[in-house]
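Inspection log for the structure reproduced underneath, given as structure tokens.
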Amino acid sequence: MNSTLVRAISGAIYVLLLIACILYSSHSVLLLFGIFLILATIEFSKLVKLNSIVAVCIATGLFLFFGFTNTNKTYDILLLILSLVVSMKALIFLFDNNMKPINDVSKTIYLVGYVAIPFIIITKIPFVNGNSFEPKTLLSLFILIWVNDTFAFIVGKSLGKNKLFEKISPKKTIEGFIGGMFFSLIASVVLAKYFVTEPVSKWLVIAIISSVFGTLGDLIESKFKRIAGVKDSGSIMPGHGGVLDRLDSIIFVAPIVFLFYQILYYVS
């Protein structure tokens, strides 16, 4: 079968599965992202040479404990702080020229704060406006990331001349980054007015967060792969790589968007 067709089919299955589970119920969201977390943890363990059984036990334990506490604000803030601290560490890791293997302590820190906790936070995003389940918020976030990635690729391929971060991701360009953000801003206006029916200003900020931190998340995972000497984190999705390859943007974006909603909650 043609590789492009295989890629299109596997991508369509992934998108349809994601949309169906997000819109169906909070339980289907928990189940889907619990499965995604296990698969991403296995892939991450292979990338950094961490014991996968121990890693899956840690990640699953955290998910089971914190994933079912949507109404506990104390736990939410604790998770957010831990994730943000590890995100800062990940950014330092990205911009550090050191390409040596990661030490054991850092591997565990990244497992918890870069992989496990962001998946938990993703399941809490449908509840950011209160205790009721609002799946459109999470789905809209995914749509913004998809729009950004798609148009960053299209604009970068057709107009891109200046490399964004050549050492880590040679194909990314500054023009592509700007193009992705531009179309994400347009998409955010449409989503705010006709889908989530929330203030346009709020979703313009979320679009900027999605573009900036989604790109950074993609670059961070690319650095993990470069150090490991592999092209993809896995092969579960033909033509697309692994689960971590597909979700590297959202796991870095979700904590920042969650922080943004917490700020709005406390200042309102």
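What follows is calculated from the coordinates using simple rules that are stated; it is not laboratory data. Predicted model, so just to flag it, every value in this text is computed and none were measured. Cβ placement follows ideal geometry from the backbone for every residue including glycine, while neighbour counts extend to all protein chains displayed.
If we count every other residue with Cβ under 15 angstrom of PHE260's Cβ, Lys/Arg +1 and Asp/Glu -1, where does the sum land?
Here the charged neighbours net out to 0.
To make sure I understand, if each residue's beta carbon is the centre and we count other beta carbons within 10 Å, what order do TRP203, TRP146 fall in, fewest to most?
TRP146, TRP203
Subtract the Cα-Cα distance of THR60 and ILE174 from 0.36 nm times their separation in residues, and report this length gain in nm to one decimal.
37.3 nm
Quickly rank 23-29, 130-136 as a protection proxy: mean count of other C-beta atoms within 10 Å, highest first.
Packing order, densest peptide first, comes out as 23-29, 130-136.
Within the chain, which DSSP H helices have Cα atoms that stretch 15 Å or more along the helix axis and a mean Kyte-Doolittle hydropathy of at least -0.5?
Length and hydropathy pass: 3-24, 26-48, 52-66, 73-95, 135-159, 174-194, 200-228, 250-267.
Would you mind ranking PHE93, PHE151 so that the residue whose beta carbon has the fewest other beta carbons within 10 Å leads the list?
PHE93, PHE151
For every helix of n ≥ 4 consecutive DSSP H residues, a contribution of -39,500 (n - 2.57) applies; sum these over the chain, divide by its total residues, and give [θ] at 222 nm rounded to the nearest 500 deg cm²/dmol.
Roughly -24500 deg cm²/dmol at 222 nm, from the helical runs in the chain.
Zone of TYR24 (label point 7 Å along Cα→Cβ, backbone N under 20 Å): which residues in the stretch 132-155?
Residues 133-143 fall inside that zone.
For LEU78 and ASN129, what does the FRET efficiency come to when R0 = 25 Å and r is the distance between their Cβ atoms, rounded to the nearest 0.05?
Result of the calculation: an efficiency of 0.75.
Looking at this model, which pairs from LYS89/LYS161; LYS46/LYS223; LYS124/LYS223; LYS171/LYS202; LYS100/LYS171; LYS49/LYS223 are more than 19 angstrom apart at the alpha-carbon?
Table pairs above 19 Å Cα-Cα are LYS89/LYS161; LYS124/LYS223; LYS171/LYS202; LYS100/LYS171.
Modelling each spin label as a point 7 Å along the Cα-to-Cβ direction, I'd like the LYS193/SER106 distance in nm, to one decimal.
For LYS193 paired with SER106, the spin-label model returns 4.7 nm.
By how many nm would the segment from LEU31 to ASN98 grow when fully extended, if each residue of separation counts as 0.36 nm and the alpha-carbon distance is taken off?
20.4 nm
Taking the Cβ of ILE174 as the center, what net charge do the other residues with Cβ under 13 Å away carry, scoring Lys and Arg +1 and Asp and Glu -1?
With Lys, Arg at +1 and Asp, Glu at -1, the net is +2.
When the chain is modelled as a GNM with alpha-carbon springs shorter than 10 Å, which of VAL54, VAL200, VAL257 fluctuates the most?
VAL54
Grab the Cα-Cα distance for ILE9 and GLN262, subtract it from 0.36 nm times how many residues apart they are, and report the gain in nm with one decimal.
87.3 nm
With springs connecting C-alpha atoms under 10 Å apart, model the chain as a Gaussian network and identify which of THR173, THR215, THR69 has the largest mean-square fluctuation.
Checking each option, the largest mean-square fluctuation is seen for THR69.
Using a cut-off of 17 Å between alpha-carbon atoms, which aspartates and glutamates can reach LYS163, once sequence neighbours fewer than 8 places away in the same chain are excluded?
ASP149, GLU175, ASP218
What does the charge add up to near VAL190, with Lys and Arg as +1, Asp and Glu as -1, over the other residues with Cβ less than 15 Å from its Cβ?
Within the 15 Å Cβ shell, the charges total +2.
Assign one of three labels to the stretch 1-93, namely rounded, prolate or oblate, based on the Cα gyration tensor with a ≥ b ≥ c the square roots of its eigenvalues; rounded applies when a/c is under 1.5, prolate when it is not and a/b is larger than b/c, and oblate otherwise.
In terms of gyration-tensor shape, oblate.
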